[in-house]
1. Can you find a residue that is of a type in the set (Gly, Ala, Ser), farther than 19 Å from Ala339 by Cα, crowded, with 21+ Cβ neighbours inside 10 Å and in contact (Cβ under 8 Å) with a residue 40 or more places away in the chain anywhere in region 129-143?
2. So which of Ala671, Ala655, Ala648 is assigned to a helix (DSSP H, G or I), more than 20 Å from the chain's Cα centre (by Cα), aliphatic (A, V, I, L, M) and crowded, with 24+ Cβ neighbours inside 10 Å?
3. Applying the selection to region 197-237, what residues are in contact (Cβ under 8 Å) with a residue 60 or more places away in the chain and either under 21 Å from Asn623 (Cα atoms) or among the polar types (S, T, N, Q) (or both)?
4. Assuming Thr145 fulfils every condition listed in (1) farther than 19 Å from Gly331 by Cβ; (2) β-branched (Val, Ile, Thr); (3) out of contact with any helix residue (DSSP H, G or I) (no Cβ under 6 Å at 6 or more places or on another chain); (4) modelled with pLDDT of 80 or more apart from one, which condition is it?
5. Do you know which of the residues in region 225-248 that are buried (at least 19 other Cβ atoms within 10 Å of the Cβ) and at pLDDT 90 or above is nearest to Thr191 (Cα to Cα)?
6. Which residue pairs have Cβ atoms closer than 6 Å, lie 6 or more positions apart in sequence or on different chains, and pair a first residue in region 553-567 that is crowded, with 18+ Cβ neighbours inside 10 Å with a second residue that is part of a loop (DSSP other than H, G, I, E, B) and small (Gly, Ala, Ser)?
7. Somewhere in region 431-443, is a residue part of a helix (DSSP H, G or I), under 37 Å from the mean Cα position of the chain (by Cα), at pLDDT below 85 and exposed (fewer than 15 other Cβ atoms within 10 Å of the Cβ)?
8. Quick one: count up the residues across region 405-424 that are crowded, with 17+ Cβ neighbours inside 10 Å and outside any loop (DSSP other than H, G, I, E, B).
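The values are calculated or read from the model by the stated rules, or taken from the named source; none is laboratory data. Everything numeric in this text was worked out from a predicted model, so none of it was measured. All Cβ positions, even for glycine, are placed from backbone atoms using ideal geometry, and neighbour counts span all protein chains on display.
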Amino acid sequence: MDCPVEENDIRSILSKTNHINGLHFNLDKQELAIDADSHTVEQCLIQIRKAGYEASIVQHGQPNADTSDDAPAWAMWTALVLAAIVEAIDFLPIDTLPEPLGTVLTIGLAIVAIYLSGLSTYRKGIAALCRLQLNINALMAVAVTGAFLIGKWAEAAMVMALFAVSEWLERRSSHRVGKAVETLLTLTPETAEAQINGSWQAMPVATLGTGTLIRVRPGQRIPVDGIIETGEGDIDQSPVTGESTPVLKRPSDTVYAGTINLSSLLVIKTTTHASETLAARIIRTVEAAKANKAPFERTIDRFATIYTPAIFVLALGILIICKYWVGLAWGESCYRALAILVIACPCALVISTPATLVSGLTAAARKGILIRGSVFLEKCRQIKLLALDKTGTITTGNPTLTNIQILREDIPKEDILALVATLPRHSTHPLSQAIAKGLPEANLPVTGFTEHPGKGISGHINGHTLKLGRPDWAAPSADELNRLPGFSKGDPAQPHSATLLADETGPLALFTLSDTIKTTSKEAINTLKNQGIQTVLLTGDNSHTAEAVAKEVGIDKVKAKLLPEDKANAIASLKASERGGLVAMAGDGINDAPALATADMGIAMGTAGTHAAVEAADIVIMNDDLSSIPRVIKLSKDTFAILVQNIALALGIKALFIILAVLGMATMWMAVFADVGTTLLVLFNGLRMLRK
């Protein structure tokens with residue numbers, strides 16, 4: 001089972017079996033996972049075997065047994081040689097071999113060739129006909145049997161042998177897609193050098209817990225996500241994030257499983273289990289994405305279910321027309337009808353779409369772009385408006401403390417700084433972290449600490465109720481807000497964020513933070529404009545900062561001072577006003593999650609992004625590079641173009657040969673050659689996506 005036609009066949013077989021919760025196909029591994037109890041699974045095995053397939057239980061974690069029921073390679077090639085001999089005998093002059101020796105030899109060799117190459121096809125075809133299901137196996141069984149019955153023994157043998165070869169070539173070609181996905185599985189080593197009871201020992205990566213110290217030598221892959229304890233050096237992150245240049249990592253920096261240590265010995269403290277590393281999540285997402293069919297793919301599947309019966313009707317109609325209208329003999333009329341059945345094999349049509357889409361998904365993963373399904377890969381080309389968060393998306397998300405204004409003279413400056421140095425250390429927000437890093441360390445007892453998404457943080461220290469965050473939220477009143485020095489007029493020339501510390505009595509201190517715009521942001525926005533995509537900045541920051549950032553990178557519109565629910569409402573409003581395209585949202589913070597979920601397409605920054613943002617997104621940019629967004633849009637357009645090419649090739653070539661068959665200018669084995677050629681052509685055309 002390695003073809004979408006066979007997947008649909010098995011789905012149809014099991015559709016009447018009760019108590020099945022779900023069927024999960026993996027054509028690359030030739031596996032079917034059945035979500036059901038053991039009794040139901042046994043019933044499924046019986047039904048699958050009755051349909052002519054071989055099936056066996058595979059234990060989890062064990063390599064698959066060879067359950068292929070196709071002809072072995074030696075039998076397939078032997079059948080092809082025998083079929084060629086039968087064709088040669090058929091071309092010899094009539095009196096070369098004495099009768100009945102010539103006929104007996106021809107029929108005998110043809111039967112042997114058909115037996116060696118087509119036994120499984122016959123078995124599946126007859127089972128399909130018994131179920132009144134017209135699939136490719138039924139087509140071949142009828143065509144070969146019909147050719148044999150009208151005395152075209154050489155044709156019957158050659159058709160079945162060539163069909164076996166075409167199936168083999170198709171498997172070899174389509175498995176290239178599977179191999180491309182499997183390369184992701186080699187990202188991480190199976191063992192790691194871990195510190196156990198004070199000594200370094202080789203341990204299976206699967207057994208490592210969090211907080212374990214591991215040692216990675218130069219040239220080795222990092223086996224699990226972690227934080228550098230000692231050592232510094234360049235890390236090649238391209239296998240995971242797609243970054244083209246190595247990144248210098250120092251103590252306290254995060255490193256990812258599957259990346260390569262280039263220059264020095266590193267001691268790393270693990271932060272995740274092997275099953276939850278960034279690389280593992282990439283692999284799981286790509287595998288799950290392959291099962292998530294795009295609308296185009298579902299359309300082709302539905303078309304194929306109508307196409308095959310329609311071909312049977314067409315062949316029957318051609319037989320009747322040739323016999324009763326044109327006046328051909330029964331043998332010639334049947335032969336032309338059978339040739340049409342062979343030509344019309346839907347394999348090229350059905351397999352071209354998933355092969356192209358999976359190639360596109362894999363190409364994106366190699367570039368650090370994680371797409372949760374082919375449906376999203378296909379939809380990206382329809383994006384007409386992109387809303388963007390500011391911090392962590394357009395900017396680096398690493399603001400620095402640039403100015404401190406103490407607003408109370410009755411409280412010692414040291415006491416105020418101790419308060420503000422303590423409170424943000426309990427927060428993971430970039431602004432809080434920047435303030436904490438910019439001040440001397442202090443560790444006063446904090447109670448009632450609370451995160452207020454899009455607003456700030458609060459807590460109780462030494463009997464004071466403190467707020468640290470947006471001035472319009474932290475200030476006790478509008479009058480207090482307007483009295484803040486320089487706040488009401490702002491500074492539109494310099495992107496910055498003002499953060500206020502206040503207690504129940506009033507403002508205590510005002511902090512100015514500056515964030516750096518990513519080097520790729522301006523170029524990415526420009527590329528998006530060239531693609532015809534409008535951009536909107538949605539941020540919780542103040543208007544002056546938002547306008548300055550938008551002006552610097554070239555964003556079209558700005559909506560500032562937005563809470564999480566405001567961002568979601570803004571996306572809903574943009575969707576209502578946008579005509580003829582999709583609205584996408586790109587962000588990284590927990591406050592972006594509602595907007596990401598509301599948008600037609602949610603795009604999260606994977607490295608800087610919070611868990612909530614990544615889970616809400618349809619696409620995850622693992623390298624946090626904004627230029628990956630126009631890149632994935634182009635990838636989507638290229639994928640769709642190849643899909644259209646493949647459908648045109650598959651249907652166009654078949655239409656041409658059907659016309660030739662009707663005119664009596666195409667033989668059955670020529671039809672198989674045409675089908676093989678078309679199948680390989682669309683497969684290799686789809687595989688071009690791997691190089692994008």
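1. no
2. Numbers: Ala655 fails: crowded, with 24+ Cβ neighbours inside 10 Å; Ala648 fails: crowded, with 24+ Cβ neighbours inside 10 Å.
Unique residue meeting the criteria: Ala671.
3. Across region 197-237, the qualifying residues are Thr210, Gln237.
4. With respect to (1) farther than 19 Å from Gly331 by Cβ; (2) β-branched (Val, Ile, Thr); (3) out of contact with any helix residue (DSSP H, G or I) (no Cβ under 6 Å at 6 or more places or on another chain); (4) modelled with pLDDT of 80 or more, Thr145 is out only on (1).
5. Out of the qualifying residues, it is Gly226.
6. Leu562/Gly540; Pro564/Gly454
7. Taking region 431-443 first, the residues part of a helix (DSSP H, G or I) are 431-437.
Those left that are additionally under 37 Å from the mean Cα position of the chain (by Cα): 431-434.
When the remaining residues are screened for being at pLDDT below 85, the result is 431-434.
Checking which are exposed (fewer than 15 other Cβ atoms within 10 Å of the Cβ) leaves us with none.
No.
8. Residues in region 405-424 being crowded, with 17+ Cβ neighbours inside 10 Å and outside any loop (DSSP other than H, G, I, E, B): 9 in total.
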